[in-house]
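The block underneath contains the structure these notes are about, expressed in structure tokens.
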Amino acid sequence: MFAGKEASLAKHLVATAELLARATEVTVREIELWIEHLGPVWGTAEMPNGLLRWATAMHREGLTSATPEEYARFMFGELALSEWKTKPPAGEH
């Protein structure tokens with residue numbers, strides 16, 4: 001059906017849609033985790049790592065089947081997957 005770059009783009013678009021599409025309601029706990037992990041870094045260069053820490057917490061608590069690695073791949077691409085931090089900086093909870 002698709003070849004080369006088109007196939008790669010198609011796979012990426014499908015993976016993105018699967019990652020972002022949700023058929024369930026957002027829970028109070030998910031919002032609490034969002035505030036906990038993104039509130040302190042909102043509007044800073046640390047936001048992408050805050051999002052990945054949120055994704056890690058969501059996965060750890062069984063609130064999503066999407067892995068933190070899938071979020072990292074979506075946000076940074078394959079090459080940067082090993083670069084993201086799962087632990088918050090010192091002083092951040």
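Across the range 55-60, rounded Karplus estimates of 3J(HN,Hα) from the backbone phi angles (6.51 cos²θ - 1.76 cosθ + 1.60, θ = phi - 60°) give 4, 5, 5, 4, 5, 4 Hz, Gly and Pro being marked x.
For the peptides 62-73, 44-55, residues were scored by their other Cβ atoms within 10 Å and the scores averaged per peptide; the highest-first order is 44-55, 62-73. Would you work out if the range 26-83 is rounded, prolate or oblate? Take a ≥ b ≥ c from the square roots of the eigenvalues of the alpha-carbon gyration tensor; rounded if a/c is under 1.5, else prolate when a/b is larger than b/c, oblate otherwise. Oblate is the answer for the range 26-83, as a/c is 1.5 or above yet b/c matches or exceeds a/b.
Taken together, the values in this text are just the output of simple stated rules run on the coordinates, not laboratory data. Not measured: the values here are computed from a predicted model. Neighbour counts are summed over all protein chains in view; Cβ atoms, including those assigned to glycine, are modelled from backbone coordinates with ideal geometry.
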